[in-house]
Amino acid sequence: MPVKNRFAELLPEITAWRRDLHEHPEILFETHRTSKIVADKLKEFGCDEIVTGIGRTGVVGVIKGKSDTSGKVVGLRADMDALPIHEQTDVPYKSKTDGAMHACGHDGHTAMLLGAAKYLAETRNFDGTVVVIFQPAEEGGGGGKEMCDDGMMDRWNIQEVYGMHNWPGMPAGQFAIRSGAFFAAADQFEIEIEGKGGHAAKPQETIDTTVVASHVVLALQTIVSRNANPVDQVVVSVTSFETSSKAHNVIPQRVNLRGTVRTLNAETRDLAEKRLTDVVQGTAATFGAKAKVDYMRGYPVMVNSEDQTEFAMEVAKSVSGNCTHAPLVMGGEDFAFMLEERPGAYILVGNGDTASVHHPEYNFNDDAIPAGCSWWAEIVEQRMPAA
């Protein structure tokens, strides 16, 4: 079954929703306008239940099929939040909020799930219940965890859950997916190195924290090259190096480092955390400095369930005629929290030849809307065929 004709008819309307959301981006849990628009539209569509405030500013809508002999409940999730980025596009609907931008396509995800909800509420051509989930704070806030912690899965007896993300560089409307570990665990660290500051002309009287920190940055890469199993993916990135002095002639007393660690299984994650602490403190001690390490675990590994992945792949093939094998992704995704609570699958939909996500020139490709909406609708209709 190809893209549904109804979504071709709805494309101008869904596109208008998407562009309005793009024009008014909201960050993390501050999705107040977006959440209200979502709730209002779900009410307009005739959803059987609409609940706001799940996971602070999340929205949940319930749509019942024409029958419910199956007793099945399927969840569909889209993220709503934007990024703290200054937009650098020239589209007429560019962000009106300085320093905020839909640079990851969550405006498109939200619009596509609204389109699917409108169709499903119109037709109800399924046997069971669908729960549409609109989540805030995917971009580092853990909104998915907050919604789960609020009891969402048990409250609506969600049995399996499906998510989607656009993917630049893949033809618009095409799909890709993989079973098992898909997106990486994303942890953060902060390191403070304390030495002995002094005059740049007298380094022998100091413990030079810039030298110590430079050795730490290089030594941390041995976690990847000499500690982790070569077949296990792990990325250690130091992304910030700040000294306590900006003067040309001062050796600083302190240096602060920040960065991320990304892994794809629990054992490597534990190893990386332990070795990072050991390497930092050992390297600092070698030079007579002291180091404090604050390691913060973030999103867990996102793992697609085997059965649901196979089903999602077949649905994607029925919509677009093809579904390729997706690569491992070292970025984090907090849909992982929902997949820890329920079996499910996360799929990529092509965004065409566009700027990458998190880039100031990125823009969601509206040509992907019919395929994305159709995939979500078909997930429901094929998983819970009408009695």
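Each value in this text was obtained by applying a stated rule to the coordinates, not by laboratory testing. Since this is a predicted model, take the numbers as computed values, not measurements. Quick reminder, even Gly has a Cβ in these numbers, built from the backbone with ideal geometry, and neighbours come from all protein chains shown.
Multiply the residue separation of ASP48 and ALA355 by 0.36 nm, subtract the distance between their alpha-carbon atoms, and state the gained length in nm to one decimal.
106.6 nm
Using a simple spin-label model with points 7 Å from Cα along the Cα→Cβ vector, what separation in nm is obtained for ASP294 and ASP367?
4.6 nm
In debye to the nearest 20, how big a dipole does the range 312-380 give about its Cα centre with +1 on each Lys and Arg Cβ and -1 on each Asp and Glu Cβ?
That gives the range 312-380 a dipole magnitude of about 200 debye.
In degrees, nearest 10, range 0 to 90: what is the angle between the Cα axis of helix 106-123 and the longest Cα principal axis of the chain?
Compared with the principal axis, the helix lies near 20 degrees.
Work out how much length VAL211 to GLU340 would gain on full extension: take 0.36 nm times their residue separation and subtract the Cα-Cα distance, in nm to one decimal.
42.2 nm
Please compute the volume of the convex hull spanned by the alpha-carbon atoms of the chain and report it per residue in Å³.
140 Å³
Measure nothing but the geometry: give the 0 to 90° angle between the long axis through the Cα atoms of 306-320 and the longest principal axis through the Cα atoms of the chain, rounded to 10°.
That helix lies at roughly 60 degrees to the long axis.
Rg to Rh ratio, the range 250-370, alpha-carbon atoms and Kirkwood radius?
1.12
Where nothing but the Cβ of Lys and Arg (+1) and of Asp and Glu (-1) is charged, how large is the charge dipole of the chain around its Cα centre, in debye to the nearest 20? Working shown, then result.
Details: 36 positive and 53 negative charges, 95 e Å.
It works out to roughly 460 debye.
Take the alpha carbon atoms of the range 134-286, find their radius of gyration, then divide it by 2.2 N^0.38 Å using N residues; give the quotient.
1.43
Is it possible to state the helix-based mean residue ellipticity at 222 nm for the chain, with each DSSP H run of 4+ residues giving -39500 (n - 2.57), the sum divided by total residues, to the nearest 500 deg cm²/dmol? What is it? Numbers along the way, then the final one.
On the way: 10 runs with 132 residues, N = 387.
After summing the helix terms and dividing by the residues of the chain, the value is -11000 deg cm²/dmol.
Between ASN227, ASN322, ASN265, which gets the highest mean-square fluctuation from a Gaussian network model of the chain, Cα cutoff 10 Å?
Highest fluctuation among the options: ASN227.
Given VAL293, THR283, VAL319, which one lies farthest toward the positive end of the charge dipole of the range 272-327, if we put +1 on the Cβ of every Lys and Arg and -1 on the Cβ of every Asp and Glu?
THR283
Could you check what % of the DSSP bridge pairs in the chain are antiparallel, to the nearest 5? Write down the numbers at each step before the final one.
Numbers: 48 of 72 bridges.
Close to 65 percent.
Between SER240 and GLU23, what is the FRET efficiency for a Förster distance of 35 Å, r being their Cβ-Cβ separation, to the nearest 0.05?
Values: r = 32 Å, r/R0 = 0.90.
Once the sixth-power term is evaluated, E becomes 0.65.
Could you grab the relative contact order for the chain? Cα pairs under 8 Å, six or more apart, rounded to a whole percent.
Values: 936 pairs, mean separation 97.4, N = 387.
For the chain, the relative contact order is 25 percent.
Per Stokes-Einstein, at 10 °C and 1.306 mPa s, what whole-number D in µm² s⁻¹ belongs to the range 301-372, with the Kirkwood radius over Cα pairs as the hydrodynamic radius? It would help to have the intermediate numbers written out before the result.
Numbers: Rh = 13.9 Å.
The calculation lands on 114 µm²/s.
In degrees from 0 to 90, rounded to the nearest 10, what is the angle of the helix 209-220 Cα long axis to the longest principal axis of the chain?
50 degrees
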